[in-house]
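Encoded as structure tokens, the structure appears first; notes follow it.
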Amino acid sequence: MVEKIEHMEMCGITKHFPGVLSNNKVDIQLKTGEVLAILGENGAGKTTLMNILYGLYQPDAGKILLNGKTVKINSPSEAIAFGIGMVHQHFMLVPTLTVCENVILGLSKKFLVDLKMAAKRIRKITETYGLAINPDAYVWQLSVGEQQRVEIIKALYRGANLLILDEPTAVLTPQESNELILLLKNMSKLGNSIILISHKLNEVMAVSDRVTVLRDGEVCADVETRETSQEELAKLMVGREMAPCRRKASFPQVRLS
Ligand SMILES: Nc1ncnc2c1ncn2[C@@H]1O[C@H](COP(=O)(O)OP(=O)(O)OP(=O)(O)O)[C@@H](O)[C@H]1O
Ligand SMILES: [Mg+2]
């Protein structure tokens, strides 16, 4: 039975890769209905932190608490079982299948899935959140923005109420980005929690309630969006010349998808 995530906390998360301290004692918190932006330059450790929350990596130290209870998230399927969904920058959809088929793909081995029932549930989700998508459309027919919505629907269909989006607007047109921002706001109003990774300050200001800024793997600020500005965030993100937390070496980034 999935309990709704009212409060999520990552405490003292540390993660090393060979030669790189990717996350160093990182603390973040998120309440239900909140949009948290994780802001930081390339290589600051944003994706690593979210991959840990999604069960793709195990931290070297630190813990994750859901509703005050320490949990161990060993895999993405365990993350999903806890109600955590993640939309990666690179979509994982099968173009020759329909929206509906993509959404239910891999969900049930035991039962013959009733496509009509699934389409009905998908329609309910799309109506609730104002996600305009036809469940019978083939994925190859969809725009990039629509494909991203299918990924969001996939997460919601699996019961996600905390949704992580890793630089979702990087692949979108300005118009699609605006639509996504409205969608995220709407989703948070309806009681979902959202974590948005971004390095676009205007987006962060437009959509988030709070901003955690990562620099060289460490949290260098955690601020209420209404109490900050793009200028302040830019300074926090880049830091001063004498930034205290420099890494010794940098390795080529390995992407998972
Ligand atoms: N699987 C891995 N193996 C080795 N090093 C890694 C791995 N994943 C990340 N790193 C390193 O950890 C550091 C943080 O990377 P991460 O991808 O978390 O940063 P990011 O803030 O998401 O950056 P970007 O904005 O470029 O996506 C980088 O130096 C990166 O090279
Ligand atoms: Mg990243």
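The values are calculated or read from the model by the stated rules, or taken from the named source; none is laboratory data. Because the structure is predicted, anything quoted here is derived from the model rather than measured. Glycine also receives a Cβ, built like all others from the backbone with ideal geometry; neighbour counts cover every protein chain displayed.
Selection of the stretch 71-130 for residues being part of a helix (DSSP H, G or I) and within 21 Å of Leu56 (Cα to Cα) yields Pro76, Ser77, Glu78, Ala79, Ile80, Ala81, Phe82, Val103. Residue count for the stretch 63-88 satisfying the condition of being of a type outside the set (A, V, I, L, M, F, W, C) and either in contact with a Lys or Arg (Cβ under 7 Å, 6 or more places away or on another chain) or under 17 Å from Ile194 (Cβ atoms) (or both): 4. The selection criterion, being buried (at least 17 other Cβ atoms within 10 Å of the Cβ), under 30 Å from Cys11 (Cα atoms) and away from ligand 1 (no atom under 16 Å from the Cβ), does not hold for Met205.
Specify which of the listed residues (Ile64, Ile122, Ile84, Ile104) is within 21 Å of the chain's Cα centre (by Cα) and farther than 20 Å from Val150 by Cα. Criteria check complete, one pass: Ile64.
Matching residues to (1) at positive phi; (2) at pLDDT 95 or above; (3) in contact with a helix residue (DSSP H, G or I) (Cβ under 9 Å, 6 or more places away or on another chain); (4) surrounded by 21 or more Cβ atoms within 10 Å (Cβ to Cβ):
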residue	(1), (2), (3), (4)
Glu41	no, no, yes, no
Gly55	yes, yes, yes, yes
Gln58	no, yes, yes, no
Ala61	no, yes, no, no
Leu65	no, yes, no, no
Thr70	no, yes, no, no
Asn74	no, yes, no, no
Ser77	no, no, no, no
Gly85	no, yes, yes, yes
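Considering the stretch 16-39, the residues that are in contact with a Leu (Cβ under 9 Å, 6 or more places away or on another chain) and over 22 Å from Lys69 (Cβ atoms) include one that is surrounded by the fewest Cβ atoms within 10 Å (Cβ to Cβ), namely Val35. Within the stretch 1-38, being modelled with pLDDT of 95 or more, small (Gly, Ala, Ser) and within 16 Å of ligand 1 (Cβ to nearest atom) holds for Ser22, Ala37.
Taking the numbered list (1) more than 23 Å from Ala81 (Cβ to Cβ); (2) surrounded by fewer than 18 Cβ atoms within 10 Å (Cβ to Cβ) in turn, Asp114 passes all entries but (1).
Of the residues making up the stretch 11-55, those that are within 16 Å of ligand 2 (Cβ to nearest atom) and either within 19 Å of Glu78 (Cα to Cα) or of a type in the set (Asp, Glu) (or both) are Ile13, Glu41, Thr47, Thr48, Leu49, Met50, Asn51, Ile52, Leu53, Tyr54.
The residues in the stretch 160-174 that are of a type in the set (Ser, Thr, Tyr) and either more than 16 Å from ligand 2 (Cβ to nearest atom) or within 19 Å of Gln29 (Cα to Cα) (or both) can be counted, and the count is 1. The residue of the stretch 144-171 that is modelled with the lowest pLDDT, among those that are over 27 Å from Glu9 (Cα atoms) and out of contact with any Ser or Thr (no Cβ under 9 Å at 6 or more places or on another chain), is Val171. The residue pairs whose first member lies in the stretch 30-47 and is touching a residue at least 12 places away in the same chain (Cβ under 8 Å) and farther than 15 Å from Cys220 by Cβ, whose second member is among the hydroxyl-bearing types (Ser, Thr, Tyr) and more than 9 Å from ligand 2 (Cβ to nearest atom), and whose beta carbons are closer than 6 Å, counting only pairs six or more residues apart or on different chains, are Leu30/Ser193; Thr32/Ser193; Gly33/Ser188; Glu34/Ser193; Val35/Ser188; Val35/Ser208. Checking Cys100, Cys11 one by one, the residue that is touching a helix residue (DSSP H, G or I) at 6+ places or on another chain (Cβ under 6 Å) and of a type outside the set (S, T, N, Q) is Cys100 and no other.
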